[in-house]
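Here is the structure we will look at, set down as structure tokens.
The values are calculated or read from the model by the stated rules, or taken from the named source; none is laboratory data. Please read all numbers here as calculations on a predicted model, not as lab measurements. Here the Cβ positions follow ideal geometry from the backbone for every residue, glycine too, while neighbour counts run over all protein chains shown. Surface accessibility is based on the protein's heavy atoms, side chains included, excluding ligands, DNA and RNA. Shrake-Rupley method; radii C 1.70, N 1.55, O 1.52, S 1.80 Å.
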Amino acid sequence: MNYLSPSVLSADFSELGNDIMMAVDAGAPWIHLDVMDGKFVPNISFGAPVIASVRKVTNAFFDVHLMIEEPSRYMNDFKKAGADLITVHYEACENVEATLYQIRELGIKVGLSISPDTPAEVVKPYLSMVDMILVMSVYPGFGGQKFIQSSLDKVRVIRDMANELHYDDLWIEVDGGIGAENIVDVKEAGANVFVAGSAVFNGDIAKNVKMLNDLIR
């Protein structure tokens, strides 16, 4: 099954709860929440208190993407805030295996992300430990960037690895620069979770969600 995960970085933060409800009501089953620390990425977004606040307005699946150094320090906070899945960066963890195990111990889904300059092959040792691999198709830290075309090759490599090892239920998520013009290519490469920010929240949210959902069915 394929899932659209609208990224709230592109939402109107003065109407954040309403924008999220509009996306969910229109058929978006996931909500993507980017947490940035100003160190791993050159920007700061929001933390667990904001996630806890919007958790009150929806039962959607909260896809929490931690773009922070040594995220193990904050796992309990994001679990308590309502995260259903926590994704950490391969590049940001001193001990990737221990960090993934910590998420699993919280009783929620586990994700591992790689940035554009990291080869797809690095995730292979961790496929048995995760529910999802997130391929960044832009450099993490800012919304509105152009999709990096070589990301499609990474998705194919990871899907092939997962199939070879019989991890048929692995989610592969792609985040960055996704819209109506390329979401089908991303799906055909082997992804099944699609992060879209401006393509959802710029303009008519309900119409945008319906259009993107129609393309990934």
Are there any trypsin sites (Lys or Arg not before Pro) in region 125-161 that are in a DSSP loop and have at most 10 other Cβ atoms within 10 Å? List them by number. Lys146
So who's got an amide H within less than 5 Å of the one on Leu134, skipping anything under 5 residues away but keeping other chains? H placed 1.01 Å off N, in plane. Leu112, Ser113, Ile114, Glu173
Give me the orientation-averaged projected area of the Cα convex hull of region 64-135, in nm², one decimal. 4.2
Roughly how much of Asp160 is accessible, in Å² to the nearest 10, using a 1.4 Å probe? 100
With all protein chains present and a 1.4 Å probe, how do Met22, Met75, Met1 order by accessible area, largest first? Met1, Met22, Met75
Point-to-point label distance, Tyr101-Tyr139, nm (Cα→Cβ direction, 7 Å offset): 3.5
Provide the per residue accessible area, probe 1.4 Å, for region 1-115, rounded to a whole number of square angstrom. 43
How large is Rg/Rh for region 89-175, to two decimals, with Cα atoms and a Kirkwood Rh? 0.96
With N set to the number of residues, divide the alpha-carbon radius of gyration of region 1-63 by 2.2 N^0.38 Å and report two decimals. 1.12
So if I place +1 on the C-beta of Lys and Arg and -1 on the C-beta of Asp and Glu, and nothing else carries charge, what would the dipole magnitude of region 62-217 be about its Cα centre? I want it in debye, nearest 20. 380
Two decimals, Cα atoms only, Kirkwood Rh: what is Rg/Rh over region 132-208? 1.00
At 1.4 Å probe size, with the rest of the protein present, what percent of the exposed accessible area of the chain is carbon and sulfur atoms? 49
The answer for GluC sites (Glu not before Pro) in region 1-107 that fall in a DSSP coil and have at most 15 neighbouring Cβ atoms within 10 Å is Glu94
Positive end of the charge dipole of the chain (Lys, Arg +1 and Asp, Glu -1 on Cβ, about the Cα centre): tell me which of Met22, Leu170, Ile103 has its Cα farthest that way. Met22
Please grab the % of Cα pairs in region 1-143 that end up more than 24 Å from each other. 27
Could you go through region 112-118 in sequence order and give the Karplus-derived ³J(HN,Hα) for each residue, using 6.51 cos²θ - 1.76 cosθ + 1.60 with θ = phi - 60°, rounded to whole Hz, and x for Gly and Pro? 10, 10, 10, 7, x, 8, 9
Starting from the eigenvalues of the Cα gyration tensor, five times each then square-rooted, give me the equivalent ellipsoid semi-axes of region 120-159, largest first, whole Å. 21, 12, 7
Aspartates and glutamates whose Cα lies under 15 Å from that of Lys79, excluding same-chain neighbours fewer than 8 positions away: Asp34, Asp63, Glu105
One checks the Cα atoms of region 66-217 and finds Rg and Dmax, in Å, of 15.3, 42
